[in-house]
Every structure is written in structure tokens, then in C-alpha cells.
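Just below is one structure, and these are the notes that go with it.
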Amino acid sequence: MSFMDKMAQTLNKVGEKTSEVANTTKIKMDIAKVKSNLDEKYKLLGELVYTALKENKTVDDQVQAYINEIDILKAEIANLESQLGE
């Protein structure tokens, strides 16, 4: 194998590894964004429940809506994390 062939092969491997690292970084950033959104939903849910209990109100539909949103975000995080394991 000539020097140029070895150099091309090495550069190809470096390019593949760089692409893998970039993809992993993007997925980790996506996970961080979804987790931030999840934290915000938990906060809003807590505020809603606190206010409802303090004012003796029922907010079952609103609570269920937040629970559904939280479940969707958790599933999205699990999906992204599974992509990291591949």
C-alpha cells in the first residue's frame, strides 16, 4: 500500500470518527433541551397542584394534560438515549 493510500485511509477514518462525535454531541444537546423542557413541565405542574390545593380547587384535566406532556418528553429522552447506545 502506498503512502497516499495509507494517508487517504487515515483521513477517511478521521472523517468518520469526527462525524460520529458530531452526531453524539448533537444527540446529547437534544437530550439536554428535552430535559430542560421536562423540568419546566414539572415546575408548572407543581405550581398548578400547589395553587389548586391551597385554593381548594380541582384541576384534574389540567394535571392530566401535564402528565401526558411529561410522559411524551420522557419517551423522547429514552429514544434519544437509545440512539447513543447504538
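The values are calculated or read from the model by the stated rules, or taken from the named source; none is laboratory data. Bear in mind the structure is a predicted one, so any value in this text is a computation, not a measurement. Using ideal geometry, Cβ is built from the backbone for each residue, glycine included, and neighbour counts are taken over all protein chains shown. Quick note on the areas: whole protein, heavy atoms, side chains included, nothing else; ligands and nucleic acids left out. Shrake-Rupley method; radii C 1.70, N 1.55, O 1.52, S 1.80 Å.
Observations on the structure shown:
- Pairs linking a residue in the range 35-64 that is over 24 Å from Ala75 (Cα atoms) to a residue that is part of a helix (DSSP H, G or I), with Cβ atoms under 7 Å and 6 or more positions apart or on different chains, are Thr58/Ala52; Val59/Leu48; Val59/Ala52.
- Condition broken by Glu69, with the remaining ones in (1) under 12 Å from the mean Cα position of the chain (by Cα); (2) open to solvent by less than 90 Å² (accessible area, probe 1.4 Å) satisfied: (1)
- Subset of the range 15-62 (residues that are open to solvent by less than 80 Å² (accessible area, probe 1.4 Å), hydrophobic (A, V, I, L, M, F, W, C), part of a helix (DSSP H, G or I) and over 18 Å from Gly85 (Cβ atoms)): Leu38, Leu44, Leu45, Leu48, Val49, Ala52
- Comparison of Ile70, Ile77 shows that the only residue that is in contact (Cβ under 8 Å) with a residue 40 or more places away in the chain, touching a helix residue (DSSP H, G or I) at 6+ places or on another chain (Cβ under 9 Å) and not polar (S, T, N, Q) is Ile77.
- Odd one out for Ser2, checked against (1) small (Gly, Ala, Ser); (2) farther than 30 Å from Glu81 by Cα; (3) surrounded by 11 or more Cβ atoms within 10 Å (Cβ to Cβ): (3)
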